[in-house]
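The values are calculated or read from the model by the stated rules, or taken from the named source; none is laboratory data. Being a predicted model, the structure only gives us computed values, none of them experimental. No Cβ is skipped: glycine too gets one built from the backbone with ideal geometry, and neighbour counts run over all protein chains shown.
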Amino acid sequence: MTQYAIIKKLTGPERAEVEVLRGTACGDDCGSCEVCHYASKIRVEARNAIGASVGDKVEIETATSRVLGAAVLVYVVPFVLFFIGYALAALVFELAEAPSMLVSFGFFALGFVVIALVGRRHKKNPITYEITNIIGCGADCV
């Protein structure tokens with residue numbers, strides 16, 4: 001997965017903190033609230049083997065499978081468990097609608113427990129970013 005970022009500071013030899021410019025649904029062109037403009041930037045540490053400087057606009061890459069896996073874990077797993085919980089309660093235990101809904105919300109909460117457990121396991125092997133290309137120079141380049 002390729003994204004664009006700006007180098008904010010160098011954190012060590014061949015390491016840099018970058019601010020990733022994430023896209024938003026409105027394309028960062030909503031003049032009504034501008035909330036998404038501030039929420040669309042995150043900072044991550046990236047490997048800087050090409051020697052980019054502070055202020056440079058760069059291209060960073062990460063494994064697409066890791067990013068998509070995290071997205072599925074966070075956004076899909078709780079809802080799948082929600083429907084599994086409802087189906088189990090309604091079909092297997094032959095519960096009425098209200099108790100089935102309570103069971104389904106319990107399974108939904110179980111999804112967040114799964115997210116927390118998997119997240120703890122992946123702290124040892126986090127998603128890594130690498131600067132692959134310098135797109136534009138920062139303040140040092142004239």
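Observations, loosely collected:
- Single residue of Val113, Val67 found to be of a type outside the set (Phe, Trp, Tyr) and farther than 28 Å from Val20 by Cα: Val113
- Hits in segment 39-79 - residues which are farther than 18 Å from Ile6 by Cβ and surrounded by 14 or more Cβ atoms within 10 Å (Cβ to Cβ): Arg66, Gly69, Ala70, Leu73, Val74, Val77, Pro78
- Complete set of residues in segment 32-58 that are of a type outside the set (Ser, Thr, Tyr), assigned to a loop (DSSP other than H, G, I, E, B) and modelled with pLDDT of 80 or more: Asn48, Ala49, Ile50, Gly51, Ala52, Val54, Gly55, Asp56
Every residue, every condition in (1) surrounded by 13 or more Cβ atoms within 10 Å (Cβ to Cβ); (2) assigned by TED's automatic domain parsing to the domain that holds Glu14, yes or no:
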site	(1), (2)
Tyr86	yes, no
Ser100	yes, no
Val114	yes, no
Thr132	yes, yes
Gly136	no, yes
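- Residue in segment 90-107 that is under 24 Å from the mean Cα position of the chain (by Cα), more than 16 Å from Val18 (Cβ to Cβ) and free of Cβ contacts under 8 Å to residues at least 60 places away in the same chain present: yes
- In this entry, Ile135 passes the filter for residues that are of a type in the set (A, V, I, L, M), at negative phi and touching a Phe, Trp or Tyr at 6+ places or on another chain (Cβ under 9 Å).
- Among the residues here, Leu95 qualifies as outside any helix (DSSP H, G or I) and touching a helix residue (DSSP H, G or I) at 6+ places or on another chain (Cβ under 6 Å).
- The single condition among (1) at pLDDT below 90; (2) surrounded by 15 or more Cβ atoms within 10 Å (Cβ to Cβ); (3) outside any helix (DSSP H, G or I) that Val20 does not meet is (1).
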